[in-house]
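Laboratory data are not the source of any read-out in this text; all were calculated from the coordinates shown. These numbers come from a predicted model, not from an experiment.
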Amino acid sequence: MIGSAGVQETLQLRREELLERAERARDEAARAEIAQIDTALARLERGEYGICVLCGNDIEMTRLAAVPYADRCQSCVGH
Ligand SMILES: [Zn+2]
């Protein structure tokens with residue numbers, strides 16, 4: 001029954017679980033992005049930045065502008 005105390009408690013519990021899950025997802029996404037950025041920086045140092053790791057072609061400038069740490073060209077990503 002919506003509005004009863006038990007339901008409100010359950011909804012509050014679900015709400016906390018969702019918020020906790022969102023926070024964890026954000027942490028993981030941030031860690032993954034940092035790792036990609038570190039890799040891109042290393043590739044820049046080695047002079048490999050902007051070259052697709054799969055096919056060896058240049059990565060599109062528009063793609064690098066959108067995703068500066070991209071390591072694959074548009075066609076290898078498959079969009
Ligand atoms: Zn490629």
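What to note about this one:
- Highest-MSF residue in the chain out of 46, 31, 63 [GNM, Cα springs under 10 Å]: 46
- You can think of it this way: the chain between residue 64 and residue 14 has 14.1 nm of extra reach, that is 0.36 nm per residue less the Cα-Cα gap.
- Projecting the alpha carbon convex hull of the chain along each direction and taking the average yields 7.7 nm².
- Residue among 41, 13, 64 with the largest mean-square fluctuation in a Gaussian network model of the chain, springs linking Cα atoms under 10 Å: 13
- Close amide H contacts of residue 51 (hydrogens built in the peptide plane, cut-off under 5 Å, sequence separation of 5 or more or a different chain): 59.
- Full extension of the chain between residue 30 and residue 42 yields a length gain of 2.5 nm, computed as 0.36 nm times the residue separation minus the alpha carbon distance.
- As a length-normalised measure over Cα pairs under 8 Å and 6 or more apart, the relative contact order of the chain settles at 20 percent.
- 0 to 90° range, to nearest 10: angle between helix 5-45 axis and the chain longest Cα axis: 10 degrees
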